[in-house]
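Have a look at the structure below, then the notes.
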Amino acid sequence: MTVMSYLGAIGAAQREAMDADERVIIIGEDVEANVYGTTGGGKSRSDKGDFLQRYGKNRIRNTPISEEGIVGAAAGAAMTGLRPIVDLSYSSFLYMAMDQFVNQVAKNRYMFGGQASMPVVFRSAMFYGLNTGAHHSDRPYPMFMNVPGLKIIAPATPADAKGLLRSAVDSDDPVLSFEACLLWSTKEDVDENEFWVPLGVARTAREGTDVTVVAISSSVPEAVAAAEELAKEGVSVEVIDPRTLVPLDRNAILRSVAKTGRLVVAEPAHRTCGAAAEISALVAEEIFDSLKAPIIRVTAPDMQIPFSPSLEKQMYPTRATIAAAIRRVVDLPALQPVAAAV
Amino acid sequence: MAELARDTLREMQLRMLRIRAFDERASKMVKRGHIPGTVHTSIGQEAQVVGATMALGTGDYMSGNHRSHGHPIGKGSPLGPLMAELVGKATGVCKGKGGSLHLADFAVGSLGESGIVGSSIPIANGAALSSKVLNNGKVALAFFGDGAANQGVLYESMNMAGVWDLPMIFLCENNQYALSTPAHTVTSGNIFERAAGFGMPGIRVEAGQDVLAVYDAVSEAVARARAGDGPTLVEVMTYRYNEHSEGLKLGTDYRNADEREAWLKKDPIVLFRQYLASQGFSEEELDGLQATALAEVDAAVAFSDASPYPDLSVAFDDLYTDKESAA
Ligand SMILES: Cc1ncc(C[n+]2csc(CCOP(=O)(O)OP(=O)(O)O)c2C)c(N)n1
Ligand SMILES: [Mg+2]
């Protein structure tokens, strides 16, 4: 075990994947200079571990700023023998390539009767909570959950970032990885040896018996903090991190809610048609009779993200808003009015 | 012009005849409801298609567009599974999941036709990227129309192919119309000249109804790509005889009759037949090619007719490589 940051764990997974298979290449804007911190050893080109030095320009490719062309080329390369990891930097830029994601990446295998396999990973950072204004603060994973043919991961811990990325690279289907910048600097002990976290398997971040909180991406640590808070008042909260949104580990969610009878879903994406909406519907459809209280979603409101730090703060689930939702489903009185979006 | 073996010349004519016969039959089948939906024929554009596809090797890659049957036929894909695909049968080349717009036959390097104008251009570019990274000597070609030539992704792709010296050919089938829109009314400057902005050769084949002229131009581009000298834009001037799609009836006469007459006089199959006759092919042999193509199409239709429709469960296969991931 060694202490790794979330970002360091992604870098480690990319290095392992590059070492394990010559067909793995990394393409994206500014990957040669390691601008986003996942393709290098340290601060300088001469540092041990610099990807360009290790793997050369044939496998580490800076691209022009041409997201549609990049995503399409990565798809074509994946269909013909490579296993590209595409670094799209900010997830807001995925929209530039929407046609390629929806019409080519997601559909080609199906339309062509299974002739194509599409072993490609598209990584992007969700830059929310960092006062960058509306153009860089998106959390667009639910839009892509609406496109059959894509697999979607949203790791919340360094260990999952490493293990899920290895599975994503090894998958013969296209995987979109949504990485929250708020998690970049979180650290934990991570196995420095190779390991794989399977796609489609949720993680129980914390066990409990009274309430299930299903939390996504940066809402996971907030949910765990809320759970610890409520534990002091004798409420036992289970926190489930799906980790993979497509395929979703339905059984893990249903099993937990069947046990606790109460569900709060927390995520940083918009409310309408979000992952939380999907998970709530799943539970209501499948195990309505187990529910002892209405399901509560804690999400970002259907609003654009304002720049001013004082305004942006209230937009995403926090430990306070998640705790308030938990109090409601277990019928505890509210502590204080919580201004944020519930 | 390179001296071509008689077998190659014969094969060129046969492939053009196959496309003509296949598309004429498909057109009838659409009108009779035998093929669901519609199709876009390559009738009139056979020289442009076959000149390009025969300049490629079987191992080379290609992507295409909605005018979609000629490309795989030109690349050597067998007709039966193509016809079965158009009808929606289980034996279709895409198991009945793609249809006319989405033909693909990976066995001959056909990475797929596309219903979205311009969308498959970067797919071929990516295939060229993998050839480059894997150093396997393959080249890739993207077919697209004069209409698609105004999609931004073409220029993103040309830039990337240029800066990376990809073994790539951008092949613009300029049939001078995008549906009802004359190319010159929506296209600033000449398409082939846009290559200069990316530092790559741009060539226009004016004699686009002459299969050998197309073959020569594309062969040169292929040789350049294989030698590691990067991409080429080839614009081929041609004309479609039929309406944009079969069964489509437009109220306005956007193409004038004289223009069509003039192009009909330059029919690629007739022109090449004359050339072959001048090269000593007998009338009998040339008639035989025609008969062969028609018989192959008859056999393809018979194959399709005899094939079952897919089992309903097939609709839920092949979304992912593992079935469990599908909802
Ligand atoms: C992105 C997109 N826009 C519009 C269409 C509708 N459409 C289908 S084919 C076509 C004309 C295409 O013209 P061109 O690229 O010249 O090909 P041609 O049909 O002439 O072979 C149009 C407008 C489409 N399928 N995709
Ligand atoms: Mg056209």
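If the condition is being among the charged types (D, E, K, R) and near ligand 2 (Cβ under 9 Å from one of its atoms), then the range B:163-178 contributes only B:E173.
Residue-wise test of (1) out of contact with any Asp or Glu (no Cβ under 6 Å at 6 or more places or on another chain); (2) within 26 Å of A:N103 (Cα to Cα); (3) of a type outside the set (A, V, I, L, M, F, W, C).
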| site | (1), (2), (3) |
| --- | --- |
| B:P122 | yes, yes, yes |
| B:L129 | yes, yes, no |
| B:G145 | no, yes, yes |
| B:L171 | yes, yes, no |
| B:S180 | yes, yes, yes |
| B:N190 | yes, no, yes |
| B:V218 | yes, no, no |
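Touching a strand residue (DSSP E or B) at 6+ places or on another chain (Cβ under 8 Å), within 16 Å of ligand 1 (Cβ to nearest atom), within 14 Å of chain A (Cβ to nearest Cβ) and of a type in the set (S, T, Y) - does that describe any residue in the range B:142-155? The answer is no, given that none of the residues of the range B:142-155 is touching a strand residue (DSSP E or B) at 6+ places or on another chain (Cβ under 8 Å), within 16 Å of ligand 1 (Cβ to nearest atom), within 14 Å of chain A (Cβ to nearest Cβ) and of a type in the set (S, T, Y). Within the range B:134-162, the set of residues being within 16 Å of ligand 2 (Cβ to nearest atom) and aliphatic (A, V, I, L, M) comprises B:A142, B:A148, B:A149, B:L154. Counting only strands (runs of 3 or more DSSP E) that sit completely within the range A:1-118, zero hold 3 or more residues that are touching a His at 6+ places or on another chain (Cβ under 8 Å) and at pLDDT 95 or above. Could you list, in sequence order, all residues of the range B:9-36 that are outside any helix (DSSP H, G or I) and either polar (S, T, N, Q) or touching a Leu at 6+ places or on another chain (Cβ under 8 Å) (or both)? Of everything in the range B:9-36, just one residue is outside any helix (DSSP H, G or I) and either polar (S, T, N, Q) or touching a Leu at 6+ places or on another chain (Cβ under 8 Å) (or both), namely B:I35. Quick one: would you say B:A217 is more than 16 Å from ligand 1 (Cβ to nearest atom), more than 14 Å from every other protein chain (Cβ to nearest Cβ) and modelled with pLDDT of 95 or more? Criteria met by B:A217.
Meeting the requirement of 2 or more residues that are away from chain B (no Cβ under 14 Å), in contact (Cβ under 8 Å) with a residue 24 or more places away in the chain and closer than 22 Å to A:I295 by Cα, the helices (runs of 4 or more DSSP H) wholly within the range A:141-254 are A:141-145, A:219-231.
Do we have any residue at all in the range A:62-78 that's under 24 Å from A:D191 (Cβ atoms) and either within 12 Å of chain B (Cβ to nearest Cβ) or surrounded by 15 or more Cβ atoms within 10 Å (Cβ to Cβ) (or both)? Even if it seems obvious, please write down each step before you answer.
Step one: filter the range A:62-78 for residues under 24 Å from A:D191 (Cβ atoms), giving none.
No: zero hits.
Reported count of residues in the range B:108-140, each being outside any helix (DSSP H, G or I), more than 15 Å from ligand 1 (Cβ to nearest atom) and β-branched (V, I, T), is 1. In the set B:S110, B:S130, only one residue is in contact with a helix residue (DSSP H, G or I) (Cβ under 8 Å, 6 or more places away or on another chain), within 7 Å of chain A (Cβ to nearest Cβ), over 22 Å from B:I191 (Cβ atoms) and of a type in the set (S, T, N, Q); that residue is B:S130.
Could you pull out the residue among A:Y55, A:Y95, A:Y128, A:Y90 that is surrounded by fewer than 21 Cβ atoms within 10 Å (Cβ to Cβ), in contact with a Ser or Thr (Cβ under 7 Å, 6 or more places away or on another chain) and more than 10 Å from chain B (Cβ to nearest Cβ)? Reasoning before the result, please.
Working: A:Y55 fails: in contact with a Ser or Thr (Cβ under 7 Å, 6 or more places away or on another chain); A:Y95 fails: in contact with a Ser or Thr (Cβ under 7 Å, 6 or more places away or on another chain); A:Y128 fails: surrounded by fewer than 21 Cβ atoms within 10 Å (Cβ to Cβ).
Result: A:Y90 is the single residue among A:Y55, A:Y95, A:Y128, A:Y90 that is surrounded by fewer than 21 Cβ atoms within 10 Å (Cβ to Cβ), in contact with a Ser or Thr (Cβ under 7 Å, 6 or more places away or on another chain) and more than 10 Å from chain B (Cβ to nearest Cβ).
Looking across the range B:150-166, the residues that are assigned to a helix (DSSP H, G or I) and either under 13 Å from B:P231 (Cβ atoms) or touching an Asp or Glu at 6+ places or on another chain (Cβ under 9 Å) (or both) come down to B:G152, B:V153, B:L154, B:Y155, B:E156, B:S157, B:M158, B:N159, B:M160, B:A161, B:G162, B:V163. Among residues belonging to the range B:167-204 that are part of a strand (DSSP E or B), out of contact with any Ser or Thr (no Cβ under 8 Å at 6 or more places or on another chain) and within 15 Å of ligand 1 (Cβ to nearest atom), point out the one that is farthest from the other protein chains (Cβ to nearest Cβ). Filtering the range B:167-204 for residues that are part of a strand (DSSP E or B), out of contact with any Ser or Thr (no Cβ under 8 Å at 6 or more places or on another chain) and within 15 Å of ligand 1 (Cβ to nearest atom), the one farthest from the other protein chains (Cβ to nearest Cβ) comes out as B:P182.
B:S219 passes every criterion in (1) of a type in the set (S, T, N, Q); (2) touching a Ser or Thr at 6+ places or on another chain (Cβ under 9 Å); (3) surrounded by 11 or more Cβ atoms within 10 Å (Cβ to Cβ) apart from (2).
Residue count for the range B:256-303, restricted to those that are of a type in the set (V, I, T) and touching a Leu at 6+ places or on another chain (Cβ under 7 Å): 3. Can you find a residue in the range B:115-126 that is within 7 Å of another protein chain (Cβ to nearest Cβ) and surrounded by fewer than 22 Cβ atoms within 10 Å (Cβ to Cβ)? Yes.
The values are calculated or read from the model by the stated rules, or taken from the named source; none is laboratory data. These numbers come from a predicted model, not from an experiment. Note that each Cβ is placed from the backbone with ideal geometry, even for glycine, and that neighbours are counted across all protein chains shown.
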